Amino acid sequence: MYRLLYPMRTYLIVTGRDDEVNVMAADWVTVLSFKPEIVGVAVSPKRYTHGLIKKYGEYVISVPSVQMLRDVWIAGTESGPEKLRKMNITLTPSKTIKTPSISEALANIECKVIDYRDYGDHTLFVGRVTGYTYNPEAFKNGEPVPSAGFLAHIARNKFITFKDEILTI
Ligand SMILES: Cc1cc2nc3c(=O)[nH]c(=O)nc-3n(C[C@H](O)[C@H](O)[C@H](O)COP(=O)(O)O)c2cc1C
């Protein structure tokens, strides 16, 4: 059934710190509140990421571009921090938390866990947004620029990006 909600945007979840920084791909990311700003991500307990979020109580939601597709695939198919050696990303300090951000990403949203709860086979981690950074070429006047190459997931190894065509009504 869940595929009926697709295509869904794909994100990278950064967790951990120092030698134990990890990155996983996640489609199941959602805004939960506007004021205060709260975002959630559903993470299976099978993921290495799950343990790191519980350990440190924070995570970064990174917005990858289509140019980062190979990294997204590694992050979404391999487990644990060793995968970062194969990935072509640059970690950079975040503004408000110790979990790093990703320089190449179109945006990085820094979150502190305020709640979590298991629903079926995933845990919904609920995070208060404590800071964010973004590429000004990808977001202008508070809106995404489609040609920046935002990434969405179809199924398995199939992804799509957006046409540079905005429909207004
Ligand atoms: C495009 C894509 C989206 C994914 N979305 C999620 C998700 O929302 N939640 C989840 O628990 N796993 C998701 N996964 C699976 C994890 O990214 C994958 O199991 C990854 O290897 C976990 O890494 P880790 O064990 O290092 O944390 C997704 C995988 C891909 C390829």
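The values are calculated or read from the model by the stated rules, or taken from the named source; none is laboratory data. Small disclaimer: the values here were computed from a predicted structure and weren't measured. As a convention, Cβ positions derive from the backbone with ideal geometry for all residues, glycine included, and neighbour counts pool all protein chains shown.
Looking at region 6-30, which of its residues are within 9 Å of the ligand (Cβ to nearest atom) and charged (D, E, K, R)?
Within region 6-30, just D27 meets the criteria.
For region 135-166, what are the residues that are in a loop (DSSP other than H, G, I, E, B) and either at pLDDT 95 or above or in contact with a Gly (Cβ under 9 Å, 6 or more places away or on another chain) (or both)?
Those that are in a loop (DSSP other than H, G, I, E, B) and either at pLDDT 95 or above or in contact with a Gly (Cβ under 9 Å, 6 or more places away or on another chain) (or both): N135, P136, E137, A138, N141, V145, G149, R156, N157, F162.
Condition first: surrounded by 17 or more Cβ atoms within 10 Å (Cβ to Cβ) and either of a type in the set (F, W, Y) or in contact with a helix residue (DSSP H, G or I) (Cβ under 9 Å, 6 or more places away or on another chain) (or both). Now tell me which residues in region 29-46 satisfy that.
V41, V43
When you scan region 123-143, how many residues do you find that are touching a residue at least 24 places away in the same chain (Cβ under 8 Å) and either more than 17 Å from V60 (Cα to Cα) or away from the ligand (no atom under 13 Å from the Cβ) (or both)?
Number of matching residues: 12.
Any residue at all in region 62-75 that is out of contact with any Pro (no Cβ under 9 Å at 6 or more places or on another chain), farther than 22 Å from F162 by Cα and either surrounded by fewer than 16 Cβ atoms within 10 Å (Cβ to Cβ) or of a type in the set (S, T, N, Q) (or both)?
No, there is no match, as no residue in region 62-75 is out of contact with any Pro (no Cβ under 9 Å at 6 or more places or on another chain), farther than 22 Å from F162 by Cα and either surrounded by fewer than 16 Cβ atoms within 10 Å (Cβ to Cβ) or of a type in the set (S, T, N, Q) (or both).
Output the qualifying pairs, or none if there are none: Cβ atoms under 7 angstrom, residues six or more apart or on different chains, first residue in region 3-28 and in contact (Cβ under 8 Å) with a residue 24 or more places away in the chain, second residue in a loop (DSSP other than H, G, I, E, B) and of a type in the set (S, T, Y).
Qualifying pairs under 7 Å: V14/T99; T15/T99; G16/T99; R17/T99; A25/T10; D27/T10.
With the requirement that a residue be in a helix (DSSP H, G or I) and either modelled with pLDDT under 95 or more than 8 Å from the ligand (Cβ to nearest atom) (or both), what does region 58-86 give you?
V66, Q67, M68, L69, R70, D71, I74, E82, L84, R85
Limited to region 31-57, what total is found for residues that are within 10 Å of the ligand (Cβ to nearest atom) and part of a strand (DSSP E or B)?
Residues flagged as within 10 Å of the ligand (Cβ to nearest atom) and part of a strand (DSSP E or B) within region 31-57 amount to 3.
Return yes or no: is I89 within 15 Å of the ligand (Cβ to nearest atom), of a type in the set (A, V, I, L, M, F, W, C), closer than 18 Å to T10 by Cα and assigned to a loop (DSSP other than H, G, I, E, B)?
Yes: the conditions hold for I89.
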